[in-house]
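Notes to accompany the following structure.
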Amino acid sequence: MGVHGMKLTYSKDRVAEAREIRTKWYRGEKVERNPFQFIVRADVWRVGNANPYSFREVNEDPWKAVHGQMLSMQHCFDTFPDCDYLPVFTLDHLGEGVLPSMYGARQMVVDDNQPFTEGRVMRDIYDIEKLPKKVDVENSEWGKILKEQILCFLDATHGEIPVSVADHQSPYGIATKLLPNEELMYAMYDEPALVHQLMDIVTNGIIDLIETMKGWVGEDLLVTNTYNPIPKTSGLILYDDYVSVLSPALHKAFCAPYNIRLFEKYGYGHLHTCGPYFPGYLDACIACKPRSLDVSIMRDTNKTRADLLAFRRITAEHNILLLSGPGYNDLKIFDQSIFDNVYENADFDLYLEYARYGHYMSALGTYEEGLAFRRLVDRASECIR
């Protein structure tokens, strides 16, 4: 019966349709329309949309972790079923430090945010000898927590819904959880060979984590790219948030080779970075040869119409798909008005330009805004057929 007697109710045919169109779209095959997703914002939003639990609760109680996400999934199915939403059990609530904890880092669980890494196990690059050369995912503290939550979810949903990989960041992201970022950057100049050794160790750790999870979940259910959550289809996701901290030259020398190694093993997929990464850092992203990127923070803490058009042109030249909505605003992201949804009066020419190159549009708001968003997507699709 699921968690607390809960059983998900949804159209399996509609989910299968969404999976098919998003699979073809990501492969670059011809589709009648670009996929889109709209999430109706719920009144409750703690760990996630329509999820009533705190971060501490979902970290300490696997059944609350499962129940909270099932509530969120059911909310999506009930409020806006006519879109290409695909359910997946995500593990982001366990934080970015799951893998670093297996190297000795300490996970701090708090009430109102994901667990964070307390301190660093390395003072400088010369402490690399402190790190185990191979992690023991199965028998580690957070490996056991991870496994318990996954098995609870599979039991509650009878193996019908995929499970995503844990938040493994990127090799550089993991390295910064073990060694202060400034020390890591200094070492790139002073001890480049040791930095490559560290990057190799954590890259192997990401592989060990994914392969162990594959053993628990099964290849047919494990999602390695949560931005297009279809097993064996969408390649790997890497969270490379430090793209805009390093110079493009340092990123190309110390990060791109390990990102590419992982992409080659699990398939070229999504490269996420919070930004700002346009125009100065886009070349570093492209050097990793991602299949898709975010339309995220670009210049300073905003994104102008000119930025969006230039970004779309450059990424299209490299056959890179884009995800999220091409909305723009000259205000800073910290200005509340930037979050206002204006789909009825959206810049249709800009949406059309994005749709022409296979943009996956997603948005969040009220149900009425969802209807307006759907009309916008349909209109763009009609124009490019």
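The values are calculated or read from the model by the stated rules, or taken from the named source; none is laboratory data. This one's a predicted model, so the numbers in the text were calculated from it and none came from an experiment. Every residue, glycine as well, gets a Cβ built from its backbone with ideal geometry; the counts of neighbours run over all protein chains shown. The accessibility values were calculated without ligands, DNA or RNA, using every heavy atom of the protein model including side chains. Shrake-Rupley method; radii C 1.70, N 1.55, O 1.52, S 1.80 Å.
Summary of computed values
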{"quantity": "Cα centroid separation, region 209-239 to region 115-153 (Å)", "calculated": "19"}
{"quantity": "In sequence order, calculated HN-Hα J values of region 269-285 (Karplus, 6.51, -1.76, 1.60; Hz; x Gly/Pro)", "calculated": "x, 9, 10, 9, 9, 6, x, x, 9, 9, x, x, 10, 4, 4, 5, 5"}
{"quantity": "Lys, Arg +1 and Asp, Glu -1 on Cβ, resulting dipole of the chain about Cα centre, debye, nearest 20", "calculated": "880"}
{"quantity": "Net charge over other residues, Cβ less than 15 angstrom from the Cβ of LYS133 (K, R count +1; D, E count -1)", "calculated": "-3"}
{"quantity": "Calculated [θ] (222 nm, deg cm²/dmol) that DSSP helices of n ≥ 4 give over the chain, each run adding -39,500 (n - 2.57)", "calculated": "-13500 deg cm²/dmol"}
{"quantity": "Loop GluC sites (Glu not before Pro), region 55-138 (other Cβ atoms within 10 Å of the site Cβ: 16 or fewer; DSSP)", "calculated": "GLU138"}
{"quantity": "Region 68-157: trypsin sites (Lys or Arg not before Pro) in DSSP coil with no more than 14 other Cβ atoms inside 10 Å", "calculated": "ARG123, LYS133, LYS134"}
{"quantity": "Normalised contact order of the chain, rounded percent, pairs of Cα under 8 Å and 6 or more residues apart", "calculated": "16"}
{"quantity": "Dipole magnitude (debye, nearest 20) for region 226-290, charges at Cβ of Lys, Arg, Asp, Glu", "calculated": "220"}
{"quantity": "Where labels lie 7 Å past Cα in the beta-carbon direction, separation of ASP112 and ILE260 in nm", "calculated": "4.4"}
{"quantity": "Within-14-Å neighbourhood charge of MET108 [Cβ basis; K, R +1; D, E -1]", "calculated": "-2"}
{"quantity": "Charge context of CYS274, other residues only, Cβ under 10 angstrom, K/R +1, D/E -1", "calculated": "-3"}
{"quantity": "Stretchable slack from ASP124 to ASP92, in nm (0.36 nm times residue separation minus alpha-carbon distance)", "calculated": "8.7 nm"}
{"quantity": "Magnitude of the charge dipole, region 64-173, Cβ model with Lys/Arg +1 and Asp/Glu -1, debye to 20", "calculated": "500"}
{"quantity": "Two-decimal Rg/Rh across the chain, once Rg and the Kirkwood Rh are taken from alpha-carbon atoms", "calculated": "0.95"}
{"quantity": "Residue pairs, from the table LYS64/LYS147; LYS134/LYS289; LYS147/LYS177; LYS7/LYS64; LYS24/LYS232, whose Cα atoms sit over 18 Å apart", "calculated": "LYS134/LYS289; LYS147/LYS177"}
{"quantity": "Solvent accessible area, Å² - VAL217, 1.4 Å probe, full protein context", "calculated": "20"}
{"quantity": "Furthest towards positive pole of dipole, ALA175, ALA363, GLY5, structure part the chain, Cβ charges", "calculated": "ALA363"}
{"quantity": "Cβ-derived FRET efficiency at R0 22 Å, LYS214 paired with GLU17, nearest 0.05", "calculated": "0.25"}
{"quantity": "Carbon and sulfur %, accessible surface of the chain computed with the full protein complex present, 1.4 Å", "calculated": "50"}
{"quantity": "Euclidean distance between Cα centres, region 247-261 to region 355-373, Å", "calculated": "34"}
{"quantity": "Heavy atoms of ASP347 accessible to a 1.4 Å probe, total area in Å² rounded to 10", "calculated": "40"}
{"quantity": "Linear extension gain, ALA42 paired with LYS134, 0.36 nm per residue minus alpha-carbon span", "calculated": "28.9 nm"}
